């Protein structure tokens, strides 16, 4: 199980992005063994693709049950074998569980192993027979089908929208460029605020723990992400406070009007609810001179 703080970022980001679309479990313990799977994901049976408008690489990965093993540094041969052993243990446990329930297990439903690392050494890829796949693009290597395993070399991924989520987990220039691409996302895309929040949290964790990051680009990118998130959070809090204040002001004005001129129609209440803060304040002053409902109607017409 990975303990490096950078690997914790990977697990947190992947967990939060995948959670709405399936069951995600961190540190799944293998029964009878002192070993844990970093992230275990099982997609919901009935769910929409994670990003139907942008079928990114993570969406494709998450179409089937899988083990996700993130590494900041290139995994060694021993680490890869350890991941394969965990995969086989999980597959065997699922087979035994199906047997106890007198059910058969289909090969296609067995989980897949994804080893995610900033880079993968060529000798390791060669020794495990991993090759590129045209359907997946650069930086993604599959072993022979029987092993149900693939490597993602994050720093080899092309700089596209489809690889953005995984490139955020890269290092140096790759991570810095990914953070810049996160900033470029429109504000209505949920990945933007989620990734900025996680990157900001990671920056604080690194500072509090005294960990040093060697790549200056990554330091600057994280600092920028924190500043952006902090400003956005403050702005959202200000806007929320103003909206709540406006709602209270409108409610007060409506109550005062009812006491002054009697019950309001639904259309009149709707018209008051659409007033700006300044207009609501003006109405609050004007209603002091109202004597009947007609005064309100004339005042509202004058706004048009």
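According to a simple spin-label model (label point 7 Å from Cα along Cα-to-Cβ), what is the distance in nm between residue 160 and residue 26?
Here the modelled spin labels are 3.1 nm apart.
Between residue 173 and residue 131, what is the label-point separation in nm under the 7 Å Cα-to-beta-carbon projection?
3.1
Hey, for a label at residue 73 modelled as a point 7 Å past Cα toward Cβ, could you say which residues of segment 117-135 have their backbone N under 14 Å away?
Counting only backbone N, you get 118-121.
Tally the DSSP beta bridges in segment 5-170 and give the antiparallel ones as a percent, rounded to 5.
Rounded to the nearest five, the antiparallel share is 60 percent.
Just report the Cα centroid separation between segment 102-180 and segment 275-289, whole Å.
Taking the Cα centre of each part, segment 102-180 and segment 275-289 sit 61 Å apart.
What do you get for Rg/Rh of segment 5-170 when both radii come from the Cα atoms and Rh is the Kirkwood radius?
Here the Rg-to-Rh quotient is 0.94.
What FRET efficiency comes out for residue 188 versus residue 255 if R0 is 35 angstrom and r is the Cβ-Cβ distance? Round to the nearest 0.05.
0.50
Normalising by the residue count of segment 5-170, find the relative contact order in percent from Cα pairs under 8 Å and 6+ residues apart.
Relative contact order for segment 5-170 comes out at 20 percent.
Translational D (Stokes-Einstein, µm²/s) of segment 91-191 at 37 °C and 0.692 mPa s when Rh comes from the Kirkwood sum over C-alpha pairs?
Answer, rounded: 208 µm²/s.
Cut-off 16 Å, label point 7 angstrom out along Cα-to-Cβ of residue 96: give me the residues of segment 7-31 whose amide nitrogen falls inside.
29-31, by backbone N distance to the label point.
Using packing as a proxy for protection, rank 89-98, 69-78, 182-191 so that the peptide with the highest average count of other Cβ atoms within 10 Å comes first.
Per-residue mean Cβ counts within 10 Å order the peptides as 69-78, 89-98, 182-191.
Taken together, the values in this text are just the output of simple stated rules run on the coordinates, not laboratory data. Not measured: the values here are computed from a predicted model. Heads up, the Cβs are rebuilt from the backbone with ideal geometry, glycines too, and the neighbour counts pull from every protein chain shown.
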